[in-house]
Every structure is written in C-alpha cells, then in structure tokens.
Amino acid sequence: MDFELTEDQKMLRKTARDFLTNECTKAYVREMELDQKGYSPEMWHKMADLGWMGLPFPEQCGGWGGSYLDLAVLMEEMGRACLPGPFMASVVLGGLTILEAGSAAQKEQYLAAIAGGEVFTLALTEPDGRYDAASIKTVARAQGDDYVITGTKFYVPDAHVADHLVVVARTGEGSGEGGLSLFVVDAPSPGLTCHLLKTIAADRQCEVVFENVRVPRANLLGKLNHGWPVVRRTLQLAAVAKCAEMVGAAQQVLEMSTSYAKERVQFDKKIGSFQAIQHHCANMLVDLDGMRMLTYEAAWLLSAGLPADKVAAMAKAWVSEAVVRVAKLGHQVHGGVGYTIDHDLQLYYRRGRAAASLFGDANYQREMIASQLGL
C-alpha cells in the first residue's frame with residue numbers, strides 16, 4: 001500500500017528501486033560486509049550524483065529541498081536493498097543535526113559538503129549505550145579560542161570513514177540535560193583515535209576516543225549548554241528513518257517468503273497450500289502493514305512540522321519488534337535453507353536485530369509513550 005505518496009515521491013521510489021536493484025546486488029552487500037570501509041566510494045559518488053545526500057537539505061545549502069517524507073521513501077528502498085554505507089550516519093545523524101542547530105554559515109558550509117559526498121556522523125552514545133543526557137561523560141573545556149574535548153564514545157556509526165564528527169559533550173556542571181553542547185570535529189584530529197567494533201549486522205560501529213582534542217569555538221553548533229533538545233530531535237528523526245528502512249526490509253522478506261511458498265514442493269504439494277505457511281505469511285503482512293502505517297504517519301507529521309512525539313515512539317516500538325517477527329517467520333517459511341549463511345534471509349534478520357536497538361529499543365519507546373500519556 002502507499003501512504004498517499006505524491007507523484008514525485010512515487011518517481012523517487014521507482015528511481016531508487018531501479019538503481020539499487022542494479023547497483024546494490026546481494027553479492028555487493030556480502031562483499032561490503034568484508035570490506036574495511038563497508039561501502040564502495042564509487043557507489044557513494046553515484047548516489048551523490050543522484051542528489052540523495054542532499055535530499056532533505058535546502059537548495060541554498062546545496063540540497064534538493066525535499067521533505068522528511070521524501071527521505072522516508074528513500075530509506076525504505078535502502079532497507080529493501082540492504083544498502084551498506086554511511087548514508088544514515090552522514091545525512092540523518094550528521095546532516096539533520098546541523099540543519100536543526102547550525103548557524104546560516106555552518107549550514108551553507110557543512111550541508112553542501114554532505115550533499116557533495118563528504119561523510120559526517122554523530123558521536124553521541126558512550127560505553128553504557130544509553131540514549132539519555134545523564135550518560136554523557138565526555139567533557140569539553142574552554143581554553144582560549146578553543147574547546148578541548150576528552151572522553152570516549154561508543155557505537156559511533158561509520159566514524160572510521162567520516163570527514164567530520166558532530167560530538168555531544170558536557171560543557172556545564174552536573175549530569176542533567178542542561179550543560180550539553182554540540183561541536184563539529186574534523187577527522188582526523190590530533191588526539192582522536194577510532195577503532196572498529198564487531199557487530200551482528202556487520203555494519204561499521206566504532207569506538208572513538210578523544211584525548212585533549214582541540215576544537216575552535218567557531219565549531220560550536222547551536223547555543224552553548226543547549227545541545228540536548230537538538231539531540232532529542234535528531235534521535236526522533238533517526239528513529240523514524242530507521243523504521244522506514246526496516247519497513248523496506250520486512251517488505252522484501254515477505255516477498256521472498258511468499259514467492260518461495262508458491263514454488264517449493266513438499267509432500268507433492270506447494271507448501272503455500274499448507275495452512276501453517278499461509279498463516280505465517282498472513283501474520284507477516286499484518287505486521288508489515290502496521291509497520292508501514294505507523295512509520296509513514298510519523299514521517300508525515302515530522303514533514304508537516306506537527307507534534308510527533310507519541311506517534312514516532314509508537315512507530316519505533318512496534319517496528320523494532322515487528323521486523324524481527326517478520327524475519328523469523330520468513331525463516332520458518334523457508335525451512336532449513338533459510339537458516340544458512342548462503343541464503344539472503346540472514347542478511348535481513350541480522351540487520352533487523354541490530355536496527356531494533358538503535359535510537360531507543362521498544363522498551364525505551366514505551367517509556368516515551370507513557371510519558372506522553374502523562375504517566
């Protein structure tokens with residue numbers, strides 16, 4: 001089903017699907033899982049030439065002037081294709097944070113760079129992996145014309161290939177939401193080291209250590225000590241974008257499973273004629289429809305500038321669990337072959353498991369929903 005997409009959005013979806021079908025084959029996906037960078041610069045530049053890196057940014061900043069809903073459409077196709085690479089890190093985590101908090105000069109400089117293919121990312125979470133202000137222990141202390149950043153960030157996506165990092169650091173006293181600021185840090189910088197972490201999704205999450213890394217005061221994003229509202233907004237945008245990616249993945253798993261059920265013969269019958277298989281596929285569709293409706297409702301609200309806190313949390317809570325259910329049912333439909341590393345299903349299952357915890361898992365989102373209900 002379509003969530004009343006415009007003709008331009010339908011064209012974007014078709015263009016993205018055609019491109020990714022030809023360029024992002026499963027052979028490419030598997031090759032990039034073993035590649036140190038995790039993506040092909042050639043593919044990255046082709047995507048930049050299509051305007052994807054600048055899709056949600058204003059035209060005066062080198063972007064396409066698209067909406068957040070446009071971005072959701074593109075993210076769904078990327079999830080369908082299992083596209084590897086730093087698109088989420090650069091455009092969503094880095095770019096949308098700068099779009100929210102940057103000055104006019106910073107937006108013009110950095111967003112144009114992202115649209116042109118430079119890689120940004122957001123260094124937010126620390127060793128405990130939590131998405132709250134109290135977990136931020138990295139500090140930035142003013143020294144002359146600079147700030148000096150010291151601390152360790154964990155699970156920083158694609159930091160090993162980033163040209164710049166948006167770093168969340170504590171500039172004030174205490175451990176609350178006040179006193180947190182955002183800085184654009186060039187990579188590499190003296191005192192900054194990066195180490196790849198092994199993950200279930202074979203994506204490129206990094207540990208980034210800051211040892212007295214000097215950053216010019218001009219690299220402060222937004223107001224000093226007022227960075228957390230921007231982070232909270234970015235987390236919401238990233239959560240819904242990740243939902244769209246998971247919708248695409250679940251759609252592909254459903255299509256793979258129903259196609260297999262129509263072809264696979266067991267006991268002289270197509271397995272799709274068995275009630276158990278029919279119910280598995282039906283349950284997958286029920287989950288998928290709920291995933292898509294909540295995701296696109298949240299994306300539409302965000303595009304329209306309307307309150308989306310509750311719906312965005314509902315979407316991430318539902319999609320985080322539903323994508324895993326869909327993938328598991330896909331394995332059930334395929335039987336033994338679906339559990340092998342040579343089969344494509346495992347690519348979607350592993351990515352779904354990882355995506356479920358990013359930007360707040362289902363339990364985290366339920367807490368957000370409860371707070372919206374006044375509980």
Per residue of the range 70-76, in order, report the coupling 6.51 cos²θ - 1.76 cosθ + 1.60 (Karplus, θ = phi - 60°) as ³J(HN,Hα) in whole Hz, putting x for Gly and Pro.
4, 4, 4, 4, 5, 5, 4
Kindly provide the helix-only [θ] at 222 nm of the chain, computed as the sum of -39,500 (n - 2.57) over DSSP H runs of four or more divided by all residues, to the nearest 500 deg cm²/dmol?
-15500 deg cm²/dmol
Spin-label model distance (nm) - GLN332 vs LYS137, 7 Å beyond Cα toward Cβ
4.3
May I ask for the angle, rounded to the nearest 10°, between helix 275-304 and the longest principal axis of the chain, with both axes built from Cα atoms and the value confined to 0 to 90°?
30
Ranking request for peptides 354-363, 302-311: highest mean number of other beta-carbon atoms within 10 Å first, then the rest in descending order.
354-363, 302-311
Can you give the relative contact order of the range 192-267 as a percent, counting alpha carbon pairs under 8 Å and 6+ residues apart?
16
At 0.36 nm per residue, minus the direct Cα-Cα distance, what do THR25 and ASP309 gain on full extension? Give it in nm, one decimal, please.
98.6 nm
Electrostatic dipole magnitude of the range 106-228 [Cβ: Lys, Arg +1; Asp, Glu -1; Cα centre; debye, to 20]:
140
For the range 313-320, in residue order, the Karplus 3J(HN,Hα) values (coefficients 6.51, -1.76, 1.60; θ = phi - 60°; whole Hz; Gly and Pro = x) are 5, 4, 4, 5, 5, 6, 5, 4
Sorted from largest down, give the three principal axis spans of the alpha carbons of the range 67-131, whole angstrom values.
36, 33, 21
Semi-axes of the equivalent ellipsoid of the range 152-216: what are they in whole Å, largest first, if each equals the square root of 5 times a C-alpha gyration tensor eigenvalue?
22, 15, 10
Calculate the all-directions average of the projected area of the range 1-96's alpha-carbon convex hull, and give it in nm².
6.4
I'd like the orientation of helix 228-263 relative to the chain: the angle between its Cα long axis and the longest Cα principal axis, in ° from 0 to 90, rounded to 10.
20
Viscosity 1.567 mPa s, temperature 4 °C: what is the translational diffusion coefficient of the range 229-372 from Stokes-Einstein with a Kirkwood Rh over Cα pairs, rounded to a whole number of µm²/s?
82
Run through the DSSP bridge list for the range 121-225 and note the antiparallel percent, rounded to the nearest 5.
90
The answer for GLN205, listing residues at least 5 apart or on another chain whose modeled amide H is closer than 5 Å to its amide H, is ASP158, LEU197
Using θ = phi - 60° and the Karplus curve 6.51 cos²θ - 1.76 cosθ + 1.60, what whole-Hz ³J(HN,Hα) does each residue of the range 49-63 get, with Gly and Pro shown as x?
5, 6, x, 5, 5, x, 3, x, 9, x, 5, 5, 9, x, x
So what are the three principal axis dimensions of the range 107-265 from its Cα atoms, in whole Å, longest to shortest?
73, 32, 31
By counting other Cβ atoms within 10 Å of each Cβ, how are TRP318, TRP52 ranked from fewest to most?
TRP318, TRP52
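Efficiency by 1/(1 + (r/R0)^6): what FRET value for ASP186 and SER357, r their Cβ-Cβ distance, R0 = 30 Å, to the nearest 0.05? Working shown, then result.
Values: r = 29 Å, r/R0 = 0.98.
Computed FRET efficiency for ASP186 and SER357: 0.55.
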In nm, the gap between the two label points placed 7 Å beyond Cα toward Cβ at HIS45 and GLU367 is 4.5
Ranking of SER67, SER135, SER259, SER181 by count of other Cβ atoms within 10 Å, fewest first
SER259, SER135, SER67, SER181
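Send over the semi-axes of the chain's equivalent ellipsoid, whole angstrom and largest first, taken as the square roots of 5 times the C-alpha gyration tensor eigenvalues. Can you show the working numbers first?
On the way: eigenvalues 266, 89, 82 Å².
So the three semi-axes of the chain are 36, 21, 20 Å.
Bear in mind that the values in this text are calculations on the coordinates, not laboratory data. Since the model is a prediction, treat every value here as computed from it, not as a measurement. We place every Cβ from the backbone using ideal geometry, glycine too, and count neighbours over all the protein chains shown.
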